[in-house]
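Q: Below you will find the structure I want to go over with you.
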Amino acid sequence: MKYALVTGGSRGLGKAVCLRLAAQGIPVIVNYKQNTEAANAVVAEITAAGGTAELLPFDVASPAEIEEALAAWADKHPDDYVGILVNNAGIRQDNLMIFMQDEQWHSVMDTTMNGFFYITRRLLKDMLTHRNGRIINMASLSGIKGLPGQVNYSAAKAALIGATKALAQEVAQRKVTVNAVAPGFITSDMTKDLNEAELKKLVPMGRFGKPEEVAALVAFLASDEAAYITGEVISINGGLYT
Ligand code: NAP
């Protein structure tokens, strides 16, 4: 059976992606780092709606945890593979560069880039063997435009975009697509400390986006219908920046 793995599936955009893919009949692996209660609630919601989901906690910044968790999953699922990978887990550690601490730099880079590299490399072989795969990387407007106070986050997301374009060309022949989604302001725990009333004035659509709107885009990129789209970065930002 073909599974979807969604990193950071316990909350926000990742949760919406899990619910959406599961509603389309795709078995979902819900990854998270620490919020077991929220992750359990996602699995419960999917199961209650008749879908299939299981938890797979690990820290996407840790190559050792990634390897251990994915090896254990493969042992438990000898006839299954992950055909859809949504590299969604991410964190913000904003600061002006002049004040930025080493830890703020490394934690953001490691979460975004280690997560992408180690998880994708581990799962790519099965996708290439099956000649079928969808990799969707959650980038950001910050990675395209750059945002002050987010040198670390902008750098990590820009790197993810570069990696998306390069990998797409490596695996296209085996029918594996690799795309990035670049959201603007989306309502979630990550943006709850922002001044939404002020910031939404910058958005031509006059509002923050919803996680479900991002999930719909991810679901399309994950579908068979999106087979000829690869190496793309698709913005979803209410017209904020294109
Ligand atoms: P969120 O509400 O803060 O949720 C973050 C999710 O990532 C949680 O499920 C969290 O798990 C998980 N996570 C964080 N660090 C992790 C780690 N080291 N290992 C495994 N899981 C980890 O964030 P969000 O707004 O949904 O953002 C999701 C993605 O979209 C991120 O990559 C973010 O950069 C990107 N994005 C968001 C926006 C926005 O406006 N919200 C805009 C552009 C891009 P726990 O529950 O266990 O903590």
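The values are calculated or read from the model by the stated rules, or taken from the named source; none is laboratory data. Values in this document were obtained by computation on a predicted structure and should not be read as measured data. Positions of Cβ are backbone-derived with ideal geometry, glycine not excepted, and every protein chain shown enters the neighbour counts.
Q: For GLU37, all conditions in the list (1) surrounded by 15 or more Cβ atoms within 10 Å (Cβ to Cβ); (2) outside any loop (DSSP other than H, G, I, E, B) hold save one; what is the number of the exception?
A: Condition not satisfied by GLU37: (1).
Q: Identify, by number, the condition in (1) part of a helix (DSSP H, G or I); (2) in contact (Cβ under 8 Å) with a residue 60 or more places away in the chain; (3) surrounded by 14 or more Cβ atoms within 10 Å (Cβ to Cβ); (4) more than 10 Å from the ligand (Cβ to nearest atom) that VAL214 doesn't meet.
A: (4)
Q: Tell me whether the stretch 20-31 contains one or more residues that are out of contact with any helix residue (DSSP H, G or I) (no Cβ under 9 Å at 6 or more places or on another chain) and surrounded by fewer than 15 Cβ atoms within 10 Å (Cβ to Cβ).
A: yes
Q: Moving on to the next point. Taking interchain pairs and intrachain pairs at least six residues apart, which have beta carbon atoms under 6 angstrom, with the first residue in the stretch 1-19 and surrounded by fewer than 24 Cβ atoms within 10 Å (Cβ to Cβ) and the second among the charged types (D, E, K, R)?
A: Close Cβ pairs satisfying both conditions: MET1/ASP80; TYR3/ASP80; ARG11/ASP189; GLY12/ASP189.
Q: Here's something else I'd like to know. Being β-branched (Val, Ile, Thr) and either touching a helix residue (DSSP H, G or I) at 6+ places or on another chain (Cβ under 6 Å) or at pLDDT below 95 (or both) narrows it down to one residue among ILE91, ILE144; which is it?
A: Values: ILE144 fails: either touching a helix residue (DSSP H, G or I) at 6+ places or on another chain (Cβ under 6 Å) or at pLDDT below 95 (or both).
Exactly one of ILE91, ILE144 is β-branched (Val, Ile, Thr) and either touching a helix residue (DSSP H, G or I) at 6+ places or on another chain (Cβ under 6 Å) or at pLDDT below 95 (or both), namely ILE91.
Q: Kindly indicate which of ALA155, ALA182 is closer than 30 Å to LYS125 by Cα, touching a residue at least 24 places away in the same chain (Cβ under 8 Å), within 13 Å of the ligand (Cβ to nearest atom) and not in a helix (DSSP H, G or I).
A: On the way: ALA155 fails: not in a helix (DSSP H, G or I).
Matching residue, one of ALA155, ALA182: ALA182.
Q: Please verify whether the stretch 56-63 includes one or more residues that are free of Cβ contacts under 8 Å to residues at least 24 places away in the same chain and surrounded by 15 or more Cβ atoms within 10 Å (Cβ to Cβ).
A: Within the stretch 56-63, the subset free of Cβ contacts under 8 Å to residues at least 24 places away in the same chain is none.
Checking the stretch 56-63: not a single residue is free of Cβ contacts under 8 Å to residues at least 24 places away in the same chain and surrounded by 15 or more Cβ atoms within 10 Å (Cβ to Cβ).
Q: Sort through ASN114, ASN132, ASN88 and tell me the only one that's within 27 Å of GLN173 (Cα to Cα) and away from the ligand (no atom under 16 Å from the Cβ). Give the steps one after another, and end with the answer.
A: Values: ASN114 fails: away from the ligand (no atom under 16 Å from the Cβ); ASN88 fails: away from the ligand (no atom under 16 Å from the Cβ).
From the options ASN114, ASN132, ASN88, the qualifying one is ASN132.
Q: Consider only pairs whose beta carbons are under 6 Å apart and that are at least six residues apart or on different chains; among these, list those whose first residue lies in the stretch 218-237 and is farther than 19 Å from ILE144 by Cα and whose second residue is of a type in the set (Lys, Arg) and crowded, with 21+ Cβ neighbours inside 10 Å.
A: ALA219/ARG20; ALA222/ARG134
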